[in-house]
Amino acid sequence: MIYLDNAATTPMAPQVLEAMLPYFQENFGNPGGIYSLATAGKKAVNHARQVIAESLNAERGEIYFTSGGTEADNWALVAAVQAYGEKGRHIITSSVEHHAVLHTCRYLEKQGYEVTYVDVDKDGVIDLEKLCKAIRPDTVLISVMFANNEVGTLQPIKEIGQIAKERDILFHTDAVQAYGHVPIDVKEYHIDMLSASGHKLKGPKGVGFLYAGKNVKLRSFIHGGAQERGRRAGTENVPAIVGLGAAVQLAMEEMEQRKLREGELSAYLIKRMEEEIPDCHLNGHRTKRLSNNVNISFDCVESESLLILLDQKGICASGGSACTSGATDPSHVLLAMGACPERARGALRMTLSADNTLEELDEVVTQLKVMVQRLREISPHYVQKASKKYK
Ligand SMILES: *Cc1c(COP(=O)(O)O)cnc(C)c1O
């Protein structure tokens, strides 16, 4: 099997599993208890909180564990706008957000909030001028993702943070794809709230966190017990939180090496495809992108057919995002970038990890060349330009 879908989820690192195991059985105590069995869990949760806080240049009391990136996004948007209701009911976001943000915005619109979806350019970068123009006196929140999950484009987060700070507007970023892959300093970037998820960085599924700066009026999202300083009730998922902490520690230690290796691998894959397969187009920004993201469209080829053929060869990739696969709707991200529906439907996303090898990528290119050519032969629309040939 060749796994190229690390933006959808990652396998857990062996060290992460090892760190988690004692908390399923020996140290199973409820962290809320006062006996030593319970304090072991409590200590482990606090250690994970400390590791995560340090990774962002934040404080331990600013990290709230959640059931994942989706919950953190929902919390940041819903609870924050409620807490700032007297200032206004207007939110600004981008048109290329993950559905965890976009669908929460749609929900808020039904509750009477107004949302402005700021456009991006052809590379998927948010238009800062339009963002500034969208700001109104009643704007309470700007939410822009750190890196896009489909095309990997990195947003100008520092600039957006500055804009929000100058105008005294809360700034939230969905950093699920970026966290653990690029350095993030919440103070330097003026980030008020940030969402992250365990399973996108070799941690377990079903756990993540929301960072909320101590000046943010953060309302409770899940009501009940006093966990997470009364803001997010429910017995802590201790093993998962321990795993998340271990994954973050590992990601921080290995970030530079991983980035270099992934960069080499993705550059190799892009170069070979662009040289050897005619009429293909890289989606997203060529340089301002996550080092492991390769998103490419092949003229007159639907990614769905390609994905089925790739799967038959044991190659895991995806169309747009994991959450929209299965649906034949073209990607909202590529459409927002101005791609025609055909190109949006033809996008193949391959997200690598530092564990992939050049041999694996050679195999992928070999297979893709054959598959793309075969699919084009049966396409009524494909006319190969004389200047471009399969090499
Ligand atoms: C995966 C993802 C999410 C959702 O995170 P979960 O932990 O799976 O709920 C949110 N935003 C982005 C950008 C993602 O890639």
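Here is how the numbers come out for the structure above:
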{"item": "Hey, GLY112 open to solvent by less than 40 Å² (accessible area, probe 1.4 Å) and in contact with a Lys or Arg (Cβ under 8 Å, 6 or more places away or on another chain) or not", "result": "no"}
{"item": "Filter result for SER305 (of a type in the set (S, T, N, Q), within 19 Å of the chain's Cα centre (by Cα) and not assigned by TED's automatic domain parsing to the domain that holds ASN148)", "result": "no"}
{"item": "Boolean, LYS187 is of a type in the set (Lys, Arg) and under 17 Å from ALA147 (Cα atoms)", "result": "no"}
{"item": "Search result, residues across region 189-203 that are open to solvent by less than 10 Å² (accessible area, probe 1.4 Å), of a type outside the set (Ser, Thr, Tyr) and within 11 Å of the ligand (Cβ to nearest atom)", "result": "ALA196, GLY198, LEU201, GLY203"}
{"item": "Scope region 323-382; condition open to solvent by less than 30 Å² (accessible area, probe 1.4 Å) and of a type in the set (Val, Ile, Thr); matching residues", "result": "VAL333, THR351, VAL364, VAL365, VAL372"}
{"item": "Count of residues meeting criterion [at positive phi and either within 16 Å of the ligand (Cβ to nearest atom) or free of Cβ contacts under 8 Å to residues at least 60 places away in the same chain (or both)] in region 281-323", "result": "1"}
{"item": "Long-range neighbours under 6 Å by Cβ, at least six apart or interchain, first residue closer than 15 Å to LYS388 by Cα within region 258-276, second open to solvent by 80 Å² or more (accessible area, probe 1.4 Å) and not in a helix (DSSP H, G or I)", "result": "GLU276/LYS391"}
{"item": "Count - residues of region 1-22 that are open to solvent by 50 Å² or more (accessible area, probe 1.4 Å) and not charged (D, E, K, R)", "result": "8"}
{"item": "Residue list for region 157-188, restricted to those being among the polar types (S, T, N, Q) and surrounded by 24 or more Cβ atoms within 10 Å (Cβ to Cβ)", "result": "THR173, GLN177"}
{"item": "Residues being in contact with a helix residue (DSSP H, G or I) (Cβ under 8 Å, 6 or more places away or on another chain), closer than 16 Å to ILE191 by Cβ and part of a loop (DSSP other than H, G, I, E, B) - total across region 201-216", "result": "3"}
{"item": "Positions within region 22-49 being without any contact (Cβ under 8 Å) to a residue 24 or more places away in the chain and assigned to a helix (DSSP H, G or I), in sequence order", "result": "PRO22, SER36, LEU37, ALA38, THR39, ALA40, LYS42, LYS43, ASN46"}
{"item": "Flag for LYS259 being assigned to a helix (DSSP H, G or I), open to solvent by 30 Å² or more (accessible area, probe 1.4 Å) and closer than 18 Å to ALA175 by Cα", "result": "yes"}
{"item": "First in region 68-94 and in the same structural domain as LYS214 (by TED's automatic domain parsing), second anywhere and away from the ligand (no atom under 12 Å from the Cβ) and of a type in the set (Gly, Ala, Ser), Cβ under 6 Å, 6 or more apart", "result": "ILE92/ALA134"}
{"item": "Matching residues, region 75-95, being in a helix (DSSP H, G or I) and either within 28 Å of GLY338 (Cβ to Cβ) or in contact with a helix residue (DSSP H, G or I) (Cβ under 7 Å, 6 or more places away or on another chain) (or both)", "result": "LEU77, VAL78, VAL81"}
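Residue by residue, here is whether (1) more than 14 Å from the chain's Cα centre (by Cα); (2) over 30 Å from GLY346 (Cα atoms) holds:
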| site | (1), (2) |
| --- | --- |
| VAL81 | yes, yes |
| GLY85 | yes, yes |
| THR93 | yes, no |
| GLN111 | yes, yes |
| THR139 | yes, yes |
| SER143 | no, no |
| PHE146 | no, no |
| GLY161 | yes, yes |
| ALA175 | no, no |
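The rows are residues; the columns are (1) more than 16 Å from the ligand (Cβ to nearest atom); (2) touching a strand residue (DSSP E or B) at 6+ places or on another chain (Cβ under 7 Å); (3) aliphatic (A, V, I, L, M).
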site: GLU129; (1), (2), (3): yes, no, no
site: THR139; (1), (2), (3): yes, yes, no
site: SER143; (1), (2), (3): no, yes, no
site: ALA147; (1), (2), (3): no, yes, yes
site: GLN162; (1), (2), (3): yes, no, no
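The values are calculated or read from the model by the stated rules, or taken from the named source; none is laboratory data. Just so it is clear, the structure is predicted and the values come from calculations on it, not from any experiment. Ideal geometry is used to build each Cβ from the backbone, glycine not excepted, and the neighbour counts take in all protein chains shown. For the accessible areas, the whole protein counts, side chains as well, though only heavy atoms, and no ligand, DNA or RNA atoms are used. Shrake-Rupley method; radii C 1.70, N 1.55, O 1.52, S 1.80 Å.
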